[in-house]
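Input: a single structure, listed below in structure tokens.
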Amino acid sequence: MLTCEICGEDIMLEEDMRTHLLLNHLENDMHCPLCPLSGVSYDELCFHISSAHPEKQHGAQDPARFASTSGCSAGMGSKKPQTPQSRPAGDGCDAVGDAAPAGASRDPVRPKQNSTPGSGGSSTGEAAPVTSTLTTWSPKTRQESVRRCVEDKEGVKAKHSEAKQKRRSSPGEEKLFSCPMCALVCSSCFILQEHVELHLQEQRAAEGSTLEACPLSPSASSLSGEKRFQCPMCSVVCSDSFSLQEHVELHLDHGAAGNSAGSPGSDLKLARQLQQEEEQRRRLKEDQQEREEFKKLQRQFGLDGSGGYSRQMERTMERAVARGLMDPAEFHCKRVEMMESLASGVDDGRTRTQGVVRALYEYYQTECKDSVHVWLSADTDHYCSSAGDKGWGCGYRNLQMLLSSLHTIDAYAPLLQEKAVPSIPRVQSMIEEAWRAGLDPHGASHFNQRLQGTRAWIGATEIYALLASLGISARIIDFHKPTGPGDTHPRLFEWVKQYFMSSRSSQLPPRLIHTSLPPLYLQHQGHSRSIVGLEQKKNGSLCLLLLDPGISASDTGRLLSRDTVSPAVRQVRKFSGSLKHKQYQVVAVHGVMSAEEKQISILNSRTLCAERIP
């Protein structure tokens, strides 16, 4: 138990004692214990006592101790015995001290006991031993002392008024802050912050003791969860003391910006702001990079809306005219021919080379003697890329090769809509029709249901969808990983051999076999070709015979001449070491579908799956 030396009030804790002294004896108006002077600050009271009562300095060691006794009754005391300097005697101008004025007589006074509780006695109502000394003043001395007190009081009041006027001129310095948990009012935000932290520490200690005593009590947790804390500076209500502390610190940072430039609250706010700005910059950078990558993929696969076959052909011819490689008259003639071909839907045949398979058959029959067996597909025309589809038309050109072969086979010719090989724009239209019939909806969504007027690449699934829409049965075989040393695919070569051998039942096939099987569509990353044959050497190694749409019509035409066929075959042969892509897909035609099988194929294409080998 602590007792205030000024007013005698009993207080339990040291923190409450500091709050009591600050609220009742420092923030409030001070009173002079030696004269009626009041309404001054602590510093002004010290100045008054040192100037007006210099002879009482030995007794008045701390003016704050007498600040409240002038307003209390003479009988107020505490449980502690008081010294002779702790109580004034007589009227407001009488003083108590060791050094009394000349002519004064000291009479001992016995301690009195408070008669009533309201007479200013202690909180317990007990008598407190008090030792006091009364001083007798002469009339002249008393008159002089009163005059001096009045003059000092007027001077101090003038200084007090001047200080108040100065405070009014700077209202920002006199801003008051009230504690949200008690009645304390502080003039400094830093004092309020320390005071609130003391409350929060006590509250956390109380909550910790409560949880430790009742760890499973639902009522305690519910009560603590329902407690709310309101900000003393605005209407914000916080759910816990930590949030309130951070919120009040933000207010204090704004209220005392000049003194809190480096406070933890401002540093935290700055750090959060910098983090948000950095996160925003990172997201913008990622979004921009994603858009650039998406545009790059669109350009690569012809989905950027830059035009299709006809537009690319026109641009190529315009550049040729600008460079002087083509006359304007020739440009208009070729443009008219292109428009007529596109209107008819039939390929103009400018990139077609006929009789390639027949030329290979003659070569292996007459000249090549180091092969044990050679299998060739049905007659197939070679289609190479042109100025209108350069860089993206390999899939369409290989499909034209396959359709040219199907036209020569009696089982498939009646199923073909066109009597001749269609042009690239017409092929795009036929694939769109297959999508509208319900084939490969997943692949259709990839192209946004549209191929015409674009430079979009097509692959094995689009070839399968077009054949199925015509009633032609096909298979997709996926060689999804290498099966031999050095990233080779010997299983692919063995599968192609079995495909061509299926046309004959004899165990000992002849050396050269010209089958009636359609060519195989071979797809890998970035390119596609057509397999028109297979060659087996004496050492057992296999060699594919491929027609590449990337080879020009002039180079392919060398196969038709006896003088140039030998070097030209080298471009057609591909051994196992030449095919080292990670994955290959093959589309093989193997029959005609009935109407029921076609509907089943349409339903199955919703989840189109390839045959995986191995």
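Numerical summary
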read-out: Count of residues meeting criterion [surrounded by fewer than 21 Cβ atoms within 10 Å (Cβ to Cβ) and in contact (Cβ under 8 Å) with a residue 24 or more places away in the chain] in the range 431-442; value: 5
read-out: Residue in the range 511-519 that is within 48 Å of the chain's Cα centre (by Cα), modelled with pLDDT of 95 or more and not acidic (D, E) present; value: no
read-out: Test: residue in the range 532-541 that is assigned to a loop (DSSP other than H, G, I, E, B), hydroxyl-bearing (S, T, Y) and assigned by TED's automatic domain parsing to the domain that holds D389; value: yes
read-out: Residue list for the range 467-505, restricted to those being under 17 Å from P518 (Cβ atoms) and assigned to a strand (DSSP E or B); value: I472, S473, A474, R475, I476, I477
read-out: Scan of the range 1-37 for residues that are modelled with pLDDT of 70 or more and in a strand (DSSP E or B), ordered by number; value: L2, T3, D10, I11
read-out: Answer from D389, D370, D348 - the residue that is over 18 Å from M430 (Cα atoms) and of a type in the set (D, E); value: D370
read-out: Failed item in (1) of a type in the set (D, E); (2) under 25 Å from I424 (Cβ atoms); (3) touching a Cys at 6+ places or on another chain (Cβ under 7 Å), with E535 passing the rest; value: (2)
read-out: Options S576, S594; residue that is assigned by TED's automatic domain parsing to the domain that holds L439, surrounded by fewer than 18 Cβ atoms within 10 Å (Cβ to Cβ) and more than 47 Å from the chain's Cα centre (by Cα); value: S594
read-out: Enumeration of residues in the range 385-425 that are under 19 Å from A343 (Cβ atoms) and over 46 Å from the mean Cα position of the chain (by Cα); value: S386, Q400, Q417, E418, K419, A420, V421, P422, S423
read-out: Odd one out for V427 among (1) closer than 14 Å to T454 by Cβ; (2) of a type in the set (A, V, I, L, M, F, W, C); (3) surrounded by fewer than 22 Cβ atoms within 10 Å (Cβ to Cβ); value: (3)
read-out: Residue among S561, S530, S576, S552 that alone is among the small types (G, A, S), more than 21 Å from A474 (Cβ to Cβ) and touching a Pro at 6+ places or on another chain (Cβ under 7 Å); value: S576
read-out: S554 being in the same structural domain as T366 (by TED's automatic domain parsing) and either in a loop (DSSP other than H, G, I, E, B) or closer than 21 Å to G459 by Cα (or both); value: no
read-out: Matching residues in the range 305-335 - criterion: being surrounded by 15 or more Cβ atoms within 10 Å (Cβ to Cβ), under 48 Å from the mean Cα position of the chain (by Cα) and not hydroxyl-bearing (S, T, Y); value: G307, G308, Q312, M313, E314
read-out: Options R426, R450, R475; residue that is touching a His at 6+ places or on another chain (Cβ under 9 Å) and in contact (Cβ under 8 Å) with a residue 12 or more places away in the chain; value: R475
read-out: In the range 528-569, the residues that are under 27 Å from P509 (Cα atoms) and among the acidic types (D, E); value: E535
read-out: Condition met for S541 (touching a Phe, Trp or Tyr at 6+ places or on another chain (Cβ under 9 Å), more than 27 Å from A456 (Cα to Cα) and surrounded by fewer than 16 Cβ atoms within 10 Å (Cβ to Cβ)); value: yes
read-out: Among (1) within 22 Å of Y363 (Cα to Cα); (2) in contact (Cβ under 8 Å) with a residue 40 or more places away in the chain; (3) surrounded by fewer than 15 Cβ atoms within 10 Å (Cβ to Cβ) - the single one S561 does not satisfy; value: (2)
read-out: Lone qualifier among L342, L403, L399 - being farther than 16 Å from R529 by Cα and not in a loop (DSSP other than H, G, I, E, B); value: L342
read-out: Subset tally (residues that are farther than 27 Å from Q417 by Cβ and surrounded by fewer than 22 Cβ atoms within 10 Å (Cβ to Cβ)) for the range 336-363; value: 4
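Results for (1) at pLDDT below 95; (2) surrounded by fewer than 21 Cβ atoms within 10 Å (Cβ to Cβ), shown as yes or no for each residue.
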position: H446; (1), (2): yes, yes
position: R450; (1), (2): yes, yes
position: S473; (1), (2): no, yes
position: I476; (1), (2): no, yes
position: F479; (1), (2): no, no
position: R491; (1), (2): no, yes
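The values are calculated or read from the model by the stated rules, or taken from the named source; none is laboratory data. Everything quoted here is computed from the prediction, not taken from an experiment. Glycine gets a Cβ as well: all are built from the backbone with ideal geometry, and neighbour counts include every protein chain shown.
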